[in-house]
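Below you'll find the structure, written out as structure tokens, and then a few comments.
Just so it is clear, none of the values below were taken in a lab; they were calculated from the coordinates. Computed from a predicted structure; not experimentally measured. Virtual Cβ from ideal backbone geometry, glycine too; neighbours counted across all protein chains shown.
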Amino acid sequence: MLEWYRPNFSLNQLSQELAELLSEIFGYGVIFNHYSYSQAFLDFVGIHPLTTSVDVLAGIAEDKGINVNKDFSPHPQDWLDLLFSHLVEPHLGHDLPTLITDYPPATASLAKLGTDSDGNEVSKRFELYMNGLEIANAYDELADGEALRQRFEADNAERVKRGLPIMPIDENLLSACDELPDCSGIALGVDRLLMVLIGAKRIDEVISFGIERA
């Protein structure tokens, strides 16, 4: 994994730097296709992910033959993640490397929130896809300890509802978060990038000790 952070860098600047890095690796100028999360769902699933009910999402999964327990989850994002992995991801990044942007707020994790062109609240992050593989994940980093505390507390409240143990809140992380300058950060899967470079179909082809040899 290659991970780096850029102070006073926007997500757009970080995506440009990522394109420059890939251009050096591939030996030619790399241009990204920019694709919003919502538009990808509209094109490949036929629904708007920010407004569709769990019942509809579950019905689509059943219609597409995606087998899950009928009590899989009451939360829309779990179903969206499932449908994205089965019905959207395989189509991404075959002609051009594709940046998926404007993810739902529920996927924000440590990213800031913003609004998309339609006024919907979205997470300020992007993911890079090539040949149907997620290659990199980038955030406009959340530099607000109180906002992060609220997210941790909301996560723990949800865990209680699901009968899961409460996770301790990392006070050191919250304190450090307030000292973090405005920045964007990214993590890039080197092994997956190698798969694209050599046309590998299995990750075992690019790592020394695959699961079958662990």
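Averaging Cα coordinates gives a centre for segment 1-47 and one for segment 74-147; these two points are 11 Å apart. Placing a pseudo-label 7 Å from each Cα along the Cα-to-Cβ vector at residue 86 and residue 24 gives an inter-label distance of 4.1 nm. When a/c reaches 1.5 or more, the comparison of a/b and b/c decides; with that in mind, is segment 18-76 rounded, prolate or oblate per its Cα gyration tensor? Cα axes put segment 18-76 in the prolate bin. With both residues required to sit in the chain, DSSP beta bridges show an antiparallel share near 85%.
Between residue 51 and residue 171, the modelled label-to-label distance comes to 4.5 nm, taking each label 7 Å out from Cα in the direction of the beta carbon.
If a/c stays under 1.5 just call it rounded; otherwise compare a/b with b/c (prolate if a/b is bigger, oblate if not). Do that for segment 124-165, with a ≥ b ≥ c from the square roots of the Cα gyration tensor eigenvalues. Because a/c hits 1.5 or more and a/b fails to exceed b/c, segment 124-165 counts as oblate. Is segment 173-214 rounded, prolate or oblate when judged by the Cα gyration tensor, a ≥ b ≥ c being the square roots of its eigenvalues, rounded requiring a/c under 1.5 and prolate requiring a/b larger than b/c? In terms of gyration-tensor shape, oblate. The relative contact order of the chain comes to 24 percent, based on Cα pairs under 8 Å that sit 6 or more residues apart.
Normalised by the number of residues in segment 103-181, the mean separation of alpha-carbon contacts (under 8 Å, six or more apart) gives a relative contact order of 23 percent. Rank 28, 37, 139 by mean-square fluctuation in a GNM of the chain with C-alpha springs under 10 angstrom and give only the top-ranked residue. Looking only at 28, 37, 139, the largest GNM fluctuation is found for 28.
Can you show me the helix-derived [θ] at 222 nm for the chain, built from DSSP H runs with n ≥ 4 at -39,500 (n - 2.57) apiece and divided by the number of residues, rounded to the nearest 500.
So the helix-based figure for the chain works out to -10500 deg cm²/dmol.
If the segment from residue 8 to residue 212 were pulled out straight at 0.36 nm per residue, it would be longer than the present Cα-Cα gap by 69.1 nm. Taking percent of Cα pairs over 20 Å apart as calculated from this structure, the corresponding entry among (i) 65; (ii) 59; (iii) 62 is (i).
In this label model, residue 69 and residue 162 are separated by 1.1 nm, measuring between points 7 Å along each Cα→Cβ vector.
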